[in-house]
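K.L.:
Sharing a structure here in structure tokens format.
The values are calculated or read from the model by the stated rules, or taken from the named source; none is laboratory data. Worth saying up front: this structure is predicted, and the values here are computed from it rather than measured. Virtual Cβ from ideal backbone geometry, glycine too; neighbours counted across all protein chains shown.
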Amino acid sequence: MSIAWSLLVLRVVIGLIVAAHGSQKLFGWFGGGGFAKTVGMLKGQGFKPAWFWALLGTLGEFGGGVLLAFGFLTPLAALGVFASMLMAVLKFHWGKGFWGAKGGYEYPMVLGLLGAVLALAGPGSYSLDALIGFSLSAALIWGLLVLAALVVIIGIAISRQGGSKQAAA
């Protein structure tokens, strides 16, 4: 199998998995709670404003996943997947250890890593990006990966401050 076909399969499978996961949080599909519950959960975790962080996360997962599957704006879509999974790993799964069976970070870490790799590797020949000639330089993608990680760190810092204020009240 060629690299172009491999990237197509990887993009579509990972994109659809992450989009389905995001649709649970955004629309309540596939047994999910929907956007209001996602906002409430993030508010309970100390995120302020919770609706903003919920929107970032759900669009990173659902929008990033859909765009990734189509190979459209692939580096940006993959960055959305990377950022949302990095937040999931660090904020929600890290304290539960590595193994997914115990709620750990194993699975979201793999999805996030694949997002970063796809951002850097590009969409391959069988993509809408290839059709329209869209690409970003590796240096810009690395910069955006760092920026995405900084946004996640800011979100975690904000939620810790909000959580400690809630605990003190």
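K.L.:
Which number in (1) in a helix (DSSP H, G or I); (2) over 13 Å from the mean Cα position of the chain (by Cα); (3) surrounded by 15 or more Cβ atoms within 10 Å (Cβ to Cβ) marks the one condition that Met87 misses?
P.N.:
Unmet for Met87, out of (1) in a helix (DSSP H, G or I); (2) over 13 Å from the mean Cα position of the chain (by Cα); (3) surrounded by 15 or more Cβ atoms within 10 Å (Cβ to Cβ): (2).
K.L.:
Can you name every residue in the range 65-100 that is hydrophobic (A, V, I, L, M, F, W, C), over 19 Å from Leu144 (Cβ atoms) and in contact with an Asp or Glu (Cβ under 7 Å, 6 or more places away or on another chain)?
P.N.:
Those that are hydrophobic (A, V, I, L, M, F, W, C), over 19 Å from Leu144 (Cβ atoms) and in contact with an Asp or Glu (Cβ under 7 Å, 6 or more places away or on another chain): Phe98, Trp99.
K.L.:
Quick one: count up the residues across the range 127-162 that are of a type outside the set (D, E, K, R) and in contact with a Pro (Cβ under 7 Å, 6 or more places away or on another chain).
P.N.:
Filtering the range 127-162 for residues of a type outside the set (D, E, K, R) gives 127-128, 130-159, 161-162.
Filter once more, so that each one left must be in contact with a Pro (Cβ under 7 Å, 6 or more places away or on another chain): 130, 136, 141.
Residues that pass the stated criteria total 3.
K.L.:
Please specify each residue of the range 101-138 satisfying the condition of being outside any helix (DSSP H, G or I) and closer than 17 Å to Val18 by Cβ. Steps first, please.
P.N.:
Initially, the range 101-138 is screened for residues outside any helix (DSSP H, G or I), giving 103-105, 122-127, 133-137.
Matches in the range 101-138: Tyr105, Pro123, Ser127.
K.L.:
Shifting gears a bit: In the list Phe35, Phe72, Phe98, which residue meets the criterion of being assigned to a helix (DSSP H, G or I), surrounded by fewer than 19 Cβ atoms within 10 Å (Cβ to Cβ) and over 13 Å from the mean Cα position of the chain (by Cα)?
P.N.:
Numbers: Phe72 fails: assigned to a helix (DSSP H, G or I); Phe98 fails: assigned to a helix (DSSP H, G or I).
Only one candidate passes the filter, namely Phe35.
K.L.:
Only one of Gly64, Gly71 is at pLDDT 95 or above and on the phi > 0 side of the Ramachandran plot. Can you tell me which? Spell out how you get there, then give the answer.
P.N.:
Working: Gly64 fails: on the phi > 0 side of the Ramachandran plot.
That would be Gly71, the only listed residue that is at pLDDT 95 or above and on the phi > 0 side of the Ramachandran plot.
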